[in-house]
Amino acid sequence: MKPSPSPLILATLCAAALTACGGSGGGSDASTDTGASPTAPGDFRVAEYVGTWTGDTTVCKAGFPYSSKDKAYSYRMTSLMLAEKTVEVTYTAYTDAACMSKAGRVIEKYDASWSAGSAPGKTNVARVSLAFTGSSTGADGGSGLALNMMPDGKFISSTGKLLLDVDGTSLYGPAADAKMDADGFPMTLNTTSFATKQ
């Protein structure tokens, strides 16, 4: 009868096998995670982000970036649809500074890749990478849009990367003056919610 291998040899072989397939049993390294899986790394949960969010109706901003030279629209983000693999943002443009007279809407669509982010005092913070896939425009019951260019997907984020957090039914985005980390993601969250879960 052959002698059994010692426990030390078995442990060494198991460790080598785990290292060869990239596993260690200790979780994922966020610095090497591509964000391709919506539940990776660690215990990140995309479920609380998924759904339709309504933009803050008290916000009316000037400088809609797709305005033509002779039409300076005000705007608000009216809807944000977040899913595990896609994001859709609807902006409504207005002909007045108080966002009362609607001109039309622009919808931008993206493929989304989620990964875990971090922010002081927050849990389950999301980093979202966006790849622009297309857009549509229409009057949507307004007076009609005159645009200076077709939407290019850079309105929501010039880098295509967002930092988000959910607190109850409120969604928080990156601070306007947030610095970027080495991967191009904002490092600071806005202290004011910009959307509410429908």
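Can you find even one residue in the stretch 129-150 that is within 19 Å of residue 44 (Cβ to Cβ), of a type outside the set (Phe, Trp, Tyr) and surrounded by 13 or more Cβ atoms within 10 Å (Cβ to Cβ)?
Yes, that holds for at least one residue.
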Any hit, the stretch 93-104, residues being out of contact with any Lys or Arg (no Cβ under 8 Å at 6 or more places or on another chain), open to solvent by 20 Å² or more (accessible area, probe 1.4 Å), in contact (Cβ under 8 Å) with a residue 60 or more places away in the chain and of a type in the set (A, V, I, L, M): no
Options 119, 131, 98: the member that is of a type outside the set (Val, Ile, Thr), over 21 Å from residue 52 (Cα atoms) and in contact with an Asp or Glu (Cβ under 7 Å, 6 or more places away or on another chain): 119
Test: residue in the stretch 62-69 that is crowded, with 18+ Cβ neighbours inside 10 Å, at pLDDT 95 or above and not in a loop (DSSP other than H, G, I, E, B): no
Leading residue by the ranking (surrounded by the fewest Cβ atoms within 10 Å (Cβ to Cβ)) among those in the stretch 185-198 that are out of contact with any Phe, Trp or Tyr (no Cβ under 6 Å at 6 or more places or on another chain) and among the hydrophobic types (A, V, I, L, M, F, W, C): 187
Conditions (1) within 26 Å of residue 60 (Cβ to Cβ); (2) under 16 Å from the mean Cα position of the chain (by Cα); (3) open to solvent by 30 Å² or more (accessible area, probe 1.4 Å); (4) at pLDDT below 95; number of the one not met by residue 88: (4)
So residue 126, is it open to solvent by less than 50 Å² (accessible area, probe 1.4 Å), modelled with pLDDT under 95 and within 30 Å of residue 43 (Cα to Cα): no
Inter-residue pairs, beta-carbon under 9 Å, first more than 22 Å from residue 196 (Cβ to Cβ) and open to solvent by less than 40 Å² (accessible area, probe 1.4 Å) and in the stretch 172-184, second polar (S, T, N, Q) and at pLDDT 95 or above, 6+ apart: 184/129
Selected residue (criterion: farthest from residue 142 (Cα to Cα)) from residues of the stretch 75-107 that are in a strand (DSSP E or B) and basic (Lys, Arg): 76
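The values are calculated or read from the model by the stated rules, or taken from the named source; none is laboratory data. Please read these numbers as outputs of a predicted model, since none were measured by experiment. Here Cβ is always computed from backbone atoms with ideal geometry, including for glycine, and neighbour counts include all displayed protein chains. Heads up: the accessible areas ignore ligands, DNA and RNA and are worked out on the full protein's heavy atoms, side chains in. Shrake-Rupley method; radii C 1.70, N 1.55, O 1.52, S 1.80 Å.
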